[in-house]
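Input: a single structure, listed below in structure tokens.
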Amino acid sequence: MVKKERWGKEYKDERDWKECNEKLVRRGEFYISLDWLNSWGEELEEMNRNKMGRPFEFTNLFIQFMASVYTLYSIPYRQMEGFLRKLSSYIPSIQSADYTTLFKRTSKLDLRLENVIENTNKDRVIAVDSSGIKVTNRGEWMREKWDIRRGWLKIHIAVDEETKEIVSLEITDESVSDGDKFRDIVEESGRNSGMILKVHGDGAYDTKDNFNILEEDEIESGIKTRKNATTGAKGSPYRAKCVRERNKLGYKAWADWNNYGKRWSVEGVFSAVKRIFGESVRANSTKGMMREAELKFLFYNVLLKA
């Protein structure tokens with residue numbers, strides 16, 4: 001196969017590799033961080049203040065730590081009970097929880113996207129995209145043999161192109177198109193930011209409605225339009241303007257002018273999440289599968305801050 005000549009500017013790697021390496025090493029400390037032990041008593045007292053019924057035995061930070069263990073290491077809940085039992089034999093201040101408690105508390109854990117974003121007042125240029133997560137690795141042979149289809153989850157995200165943080169997250173089944181979730185993604189990004197200055201997206205987001213959304217919110221478009229897109233308004237004057245700009249410049253010049261290559265930041269996030277946390281979920285219920293997938297992307301933001 002003939003190698004195609006690379007177009008565009010030559011990439012210059014100007015990263016400080018000493019700093020990058022140290023940051024990646026520090027992330028490893030998060031995997032076994034026991035900082036939640038320092039505030040155990042105070043947090044538990046606050047959680048049980050004015051509580052009706054049976055008091056809490058385990059803090060939210062402890063449950064968050066165990067949720068990260070479940071997500072990072074793919075340890076089932078029964079094995080997590082054994083993990084805690086052994087860990088408490090070395091560190092007596094750690095209380096062992098049974099697997100039922102771990103399951104119930106993890107499923108109700110109040111860990112939301114806005115809690116794991118560094119600066120919610122920052123102006124941003126974002127990239128949007130979606131990717132699939134397999135619902136389970138079990139039964140691949142049976143599904144192949146008997147043509148049983150279980151479907152998959154679709155993850156829609158927006159990523160800050162500078163910080164690589166996820167600033168919007170929506171989880172649906174595979175039947176929901178990228179364009180249908182565009183408004184939700186942009187609106188949530190706006191709630192978690194100062195201002196959204198520009199949105200980069202591939203051709204899946206090239207619809208009149210999406211360009212109208214950007215125009216209404218005074219957000220610059222970095223969406224790739226189709227080659228044969230009409231230059232007439234026909235319901236979206238802003239889209240027509242963007243199409244004319246691309247046609248005038250040509251795709252390569254348009255991509256360079258729009259910094260369209262930075263859209264790959266969202267592809268990088270999907271790749272990183274799947275490499276670190278795996279590309280499938282193990283839960284059986286739809287609610288459980290969506291929560292498990294959500295935790296993968298929430299903990300990715302936590303790792304960025306480590």
Q) In this structure, does residue 212 turn out to be of a type outside the set (Phe, Trp, Tyr) and assigned to a helix (DSSP H, G or I)? A) yes
Q | Qualifying position, being touching a Ser or Thr at 6+ places or on another chain (Cβ under 8 Å) and acidic (Asp, Glu), among 42, 46, 81 | A | 81
Q.
Is it the case, given these coordinates, that residue 71 is without any contact (Cβ under 8 Å) to a residue 40 or more places away in the chain and either closer than 26 Å to residue 133 by Cα or part of a helix (DSSP H, G or I) (or both)?
A. no
**Q.** Options 269, 273, 281; residue that is in contact with a Ser or Thr (Cβ under 8 Å, 6 or more places away or on another chain), assigned by TED's automatic domain parsing to the domain that holds residue 153 and surrounded by 20 or more Cβ atoms within 10 Å (Cβ to Cβ)
**A.** 281
Q: Just name the residue that is nearest to the chain's Cα centre (by Cα) out of those in the range 46-68 that are assigned to a loop (DSSP other than H, G, I, E, B) and of a type outside the set (D, E, K, R).
A: 59
Q: Test residue 240 against the criterion of being assigned to a helix (DSSP H, G or I), in the same structural domain as residue 151 (by TED's automatic domain parsing), in contact with a Gly (Cβ under 9 Å, 6 or more places away or on another chain) and free of Cβ contacts under 8 Å to residues at least 24 places away in the same chain, and give yes or no.
A: yes
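Results for (1) farther than 30 Å from residue 76 by Cβ; (2) under 13 Å from the mean Cα position of the chain (by Cα); (3) aromatic (Phe, Trp, Tyr), shown as yes or no for each residue.
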{"position": "252", "(1), (2), (3)": "yes, no, no"}
{"position": "258", "(1), (2), (3)": "yes, no, no"}
{"position": "263", "(1), (2), (3)": "yes, no, no"}
{"position": "272", "(1), (2), (3)": "no, yes, no"}
{"position": "277", "(1), (2), (3)": "no, yes, yes"}
{"position": "280", "(1), (2), (3)": "no, no, no"}
{"position": "286", "(1), (2), (3)": "no, no, no"}
{"position": "295", "(1), (2), (3)": "no, yes, no"}
Q: Can you give me the number of residues within the range 207-228 that are over 16 Å from residue 126 (Cα atoms) and buried (at least 17 other Cβ atoms within 10 Å of the Cβ)?
A: 2
Q.
Cβ contacts < 6 Å: first residue closer than 9 Å to residue 167 by Cα, restricted to the range 183-211; second residue modelled with pLDDT under 95 and acidic (Asp, Glu), any location; separation 6+ or different chain. Result?
A. 192/114
Q) Got a sec? Which of 223, 219, 185 is farther than 22 Å from residue 257 by Cα and in contact with a strand residue (DSSP E or B) (Cβ under 8 Å, 6 or more places away or on another chain)? A) 185
Q.
On the basis of being assigned by TED's automatic domain parsing to the domain that holds residue 160, touching a residue at least 40 places away in the same chain (Cβ under 8 Å), part of a loop (DSSP other than H, G, I, E, B) and under 24 Å from residue 133 (Cβ atoms), does residue 291 make the cut?
A. no
Q: Would you check if residue 68 is among the small types (Gly, Ala, Ser) and assigned by TED's automatic domain parsing to the domain that holds residue 280?
A: no
Q: Would you mind stating whether residue 58 is modelled with pLDDT of 85 or more, closer than 30 Å to residue 276 by Cα and out of contact with any Ser or Thr (no Cβ under 9 Å at 6 or more places or on another chain)?
A: no
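The values are calculated or read from the model by the stated rules, or taken from the named source; none is laboratory data. Since this is a predicted model, take the numbers as computed values, not measurements. As a convention, Cβ positions derive from the backbone with ideal geometry for all residues, glycine included, and neighbour counts pool all protein chains shown.
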